[in-house]
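Heads up, the thing below is written out as structure tokens.
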Amino acid sequence: MILPMVVAAKSLNKRYRDVVAVAALDFEVEKGQCYGLVGPNGAGKTTTMKMVYCIVTPTSGSLRVFDMEVSLQPRKIKARLGVVPQENNLDPDLTVCQNLMTHASYFGLSRDVARSRCQELLGFVQLSERSDSRVPDISGGMKRRLVLARSLINNPDLLILDEPTTGLDPQVRHLIWDRLLELKDRGITLLLTTHYMEEAQKLCDRVLIMDQANAVDMGSPAGLVRKHVPPYVLELRVERRLIQKIQERFRHLGHQMSGQNVYFYGNSQDEFEEIVAAYPDTERIMRPASLEDVFLKLTGREIRQ
Ligand SMILES: Nc1ncnc2c1ncn2[C@@H]1O[C@H](COP(=O)(O)OP(=O)(O)OP(=O)(O)O)[C@@H](O)[C@H]1O
Ligand SMILES: [Mg+2]
């Protein structure tokens, strides 16, 4: 028996007046997967997510979530979703705990059940001690963790995370990664956007790269790296005046630019010997190719412009 996909988009389009935000998008998310949407600012990631969580109506095409069409059964779909939106939308007049309790009431949870879920979830995101704090008095990282806790109040089958860790310090980012992997282990399907390729590589089974409303490619992080870039990278941080000279001299090696960094690609580290010999004092890193290299190659842009 073929199980239905948790999310299935076919020729999905969204147009805002004269802006095409999402064009002819096809993708499928299997149960239990972590599926990532990555792409430069304005690529259409948030619009795609908003159509999945039924607050933006597709212009055309089909979008099925839990095998139901979003335009026909939004209430049934929303009941089984958790959402961490790109912008925190907490109620600033309420405490941490009251924010969760209010959200629980939308799903019809009794006060007793809501209270115990609230305690459990605040423990899960390490916020138990701030239960009675007002929202304006907690840090940005705490607000993000609270939004994550809130998204879990209804025990969702699909969790939608729009840039869950943007702007957070490394410790909070690692805590959130750890919790997301735990949720995935419990069988919850995750649909995530991020500008951090390290995050996509760590968490996602499948990644869809978008640019200017279109899908550019899709695959596993490792598969995308194998397909698009040679295995070794030499990163050189060079003075601006030298960039053109270096590019011309080593034209025969594949390379990309990002700010003051030049990335050279090779099938073995030996291929970089002449560059290192020519610029021995230049700051450099030799590393395996990553999803970030694929991103730069396919979208031709820096991660954050
Ligand atoms: N409500 C709206 N009205 C008009 N245009 C919109 C609206 N929402 C999004 N857009 C446009 O649709 C395009 C895609 O925006 P979207 O927010 O989906 O991008 P994104 O990939 O999430 O970008 P970011 O990485 O900056 O969050 C952009 O050109 C944006 O200006
Ligand atoms: Mg966005």
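Results, tabulated for the structure shown:
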item	result
Hits in the range 106-136 (condition: farther than 19 Å from Gly82 by Cβ, loosely packed, with under 14 Cβ neighbours inside 10 Å and within 27 Å of the chain's Cα centre (by Cα))	Pro136
Positions within the range 8-29 being within 16 Å of ligand 1 (Cβ to nearest atom), surrounded by 13 or more Cβ atoms within 10 Å (Cβ to Cβ) and at negative phi, in sequence order	Ala9, Leu12, Asn13, Lys14, Arg15, Val20, Ala21, Val22, Ala23, Leu25, Phe27
Residue satisfying all of: in the range 13-67; among the aliphatic types (A, V, I, L, M) and either in contact with an Asp or Glu (Cβ under 8 Å, 6 or more places away or on another chain) or part of a loop (DSSP other than H, G, I, E, B) (or both); nearest to Val294 (Cα to Cα) among these	Ala43
Residue selected from the range 245-286 under the condition of a type in the set (S, T, N, Q) and over 20 Å from Val229 (Cβ atoms), by the criterion surrounded by the most Cβ atoms within 10 Å (Cβ to Cβ)	Thr282
Some residue of the range 38-54 being away from ligand 2 (no atom under 16 Å from the Cβ), at pLDDT 95 or above, surrounded by fewer than 21 Cβ atoms within 10 Å (Cβ to Cβ) and not acidic (Asp, Glu)	yes
The range 181-219: number of residues that are without any contact (Cβ under 8 Å) to a residue 24 or more places away in the chain and loosely packed, with under 15 Cβ neighbours inside 10 Å	4
Search result, residues across the range 66-78 that are in contact (Cβ under 8 Å) with a residue 24 or more places away in the chain and either in contact with a Pro (Cβ under 9 Å, 6 or more places away or on another chain) or within 16 Å of ligand 2 (Cβ to nearest atom) (or both)	Phe66, Asp67
Some residue of the range 158-170 being assigned to a helix (DSSP H, G or I), more than 16 Å from ligand 2 (Cβ to nearest atom) and on the phi < 0 side of the Ramachandran plot	yes
Residues within the range 181-227 that are small (Gly, Ala, Ser) and part of a strand (DSSP E or B), tallied	2
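Residue by residue, here is whether (1) assigned by TED's automatic domain parsing to the domain that holds Gly42; (2) in contact (Cβ under 8 Å) with a residue 40 or more places away in the chain; (3) outside any helix (DSSP H, G or I) holds:
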| position | (1), (2), (3) |
| --- | --- |
| Gln98 | yes, no, no |
| Ala104 | yes, yes, no |
| Gly108 | yes, no, yes |
| Cys118 | yes, no, no |
| Asp132 | yes, no, yes |
| Ile153 | yes, yes, yes |
| Trp177 | yes, no, no |
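The values are calculated or read from the model by the stated rules, or taken from the named source; none is laboratory data. All values derive from a computational prediction rather than experimental measurement. We place every Cβ from the backbone using ideal geometry, glycine too, and count neighbours over all the protein chains shown.
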